[in-house]
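One structure is given below, encoded as structure tokens.
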Amino acid sequence: MRLFFSILAGGLFGAGLHLSGMTDTTKVQGWLDVFGQWDPTLAFVMGGAILPMILAWQLTRGRKPLSGGDFPAPPRHEIGHRLVLGSVLFGMGWGLAGLCPGPSVASLSYGGAGGLVFLAAMLLGMGAAPAIGARIDRIAEAS
């Protein structure tokens, strides 16, 4: 049952990314080009994701998922060096490639070497992140 809901949620997420234009790298880069030919339409996509999530956090408090396990805890509100550095790197990659993790996986369904290269680089970065994060923590503690 859990696998079914996972596949259903992933499929809906991928379809939503495709329909909203989040898998179109030129549309994403247009959204990020605030001082040029700015395309504000993705603001509605983000708002359409953030607002229901706020409601979902409220409705799931104290409840259990139908498929078992637990709902994830709400995110922490602390801002540290890892969050700032990770956000900067994520934003740079998003701006340069026009893709982030979800859309990069969804874009594999219609081909293109760019999506494969991005996905490979993303997986490499995810694999290297624990070691790099530990090194950054040591540097931050020493300062």
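Computed from backbone phi with θ = phi - 60° and the Karplus coefficients 6.51, -1.76 and 1.60, the 3J(HN,Hα) list for region 9-26 is 5, x, x, 5, 4, x, 5, x, 4, 5, 5, 7, x, 5, 8, 8, 4, 5 Hz; x is used for glycine and proline. What label, among [x] 162; [y] 143; [z] 151, belongs to volume of the Cα convex hull per residue in Å³ computed from the structure on display? Matching entry in [x] 162; [y] 143; [z] 151: [x].
About its Cα centre, the chain has a charge dipole of approximately 460 debye under the convention of +1 per Lys or Arg Cβ and -1 per Asp or Glu Cβ, with nothing else charged.
In order along region 30-46, the phi-based Karplus estimate (6.51 cos²θ - 1.76 cosθ + 1.60, θ = phi - 60°) of 3J(HN,Hα) comes to x, 5, 7, 8, 5, 9, x, 8, 5, 10, x, 5, 6, 4, 5, 5, 5 Hz; Gly and Pro are listed as x. Have a look at L32, V105, Q58 and report the one farthest towards the positive end of the charge dipole of region 2-142, computed about the Cα centre with Cβ charges (Lys/Arg +1, Asp/Glu -1). Positive-most Cα among the choices belongs to Q58. Exposure proxy shown here: for H81, H18, the number of other Cβ atoms within 10 Å sets the order, fewest to most, as H81, H18.
Given axes a ≥ b ≥ c from the Cα gyration tensor, I'd like to know whether region 7-66 is rounded (a/c under 1.5), prolate (a/b larger than b/c) or oblate. Could the numbers behind the result be given before it?
Numbers: a/c = 4.56, a/b = 1.89, b/c = 2.42.
Oblate, because a/c is 1.5 or more while a/b does not exceed b/c.
Placing R0 at 41 angstrom, the Cβ-Cβ distance between I136 and Q58 gives a FRET efficiency of 0.75 after rounding to 0.05.
Neighbour counts of other Cβ atoms within 10 Å put D33, D70, D24 in the fewest-to-most order D70, D33, D24.
Here M46, M1 are placed in order of increasing Cβ neighbour count within 10 Å, fewest first, which gives M1, M46.
Take the chain and mark each of the trypsin sites (Lys or Arg not before Pro) that is in a DSSP loop with at most 12 other Cβ atoms within 10 Å; the longest unmarked stretch, sites excluded, is 77-143.
Here, each number is a calculation from the coordinates, and none is a lab measurement. All figures in this text were calculated on a predicted structure; none of them were measured in a lab. Cβ atoms come from the backbone with ideal geometry, glycine included; neighbour counts cover every protein chain shown.
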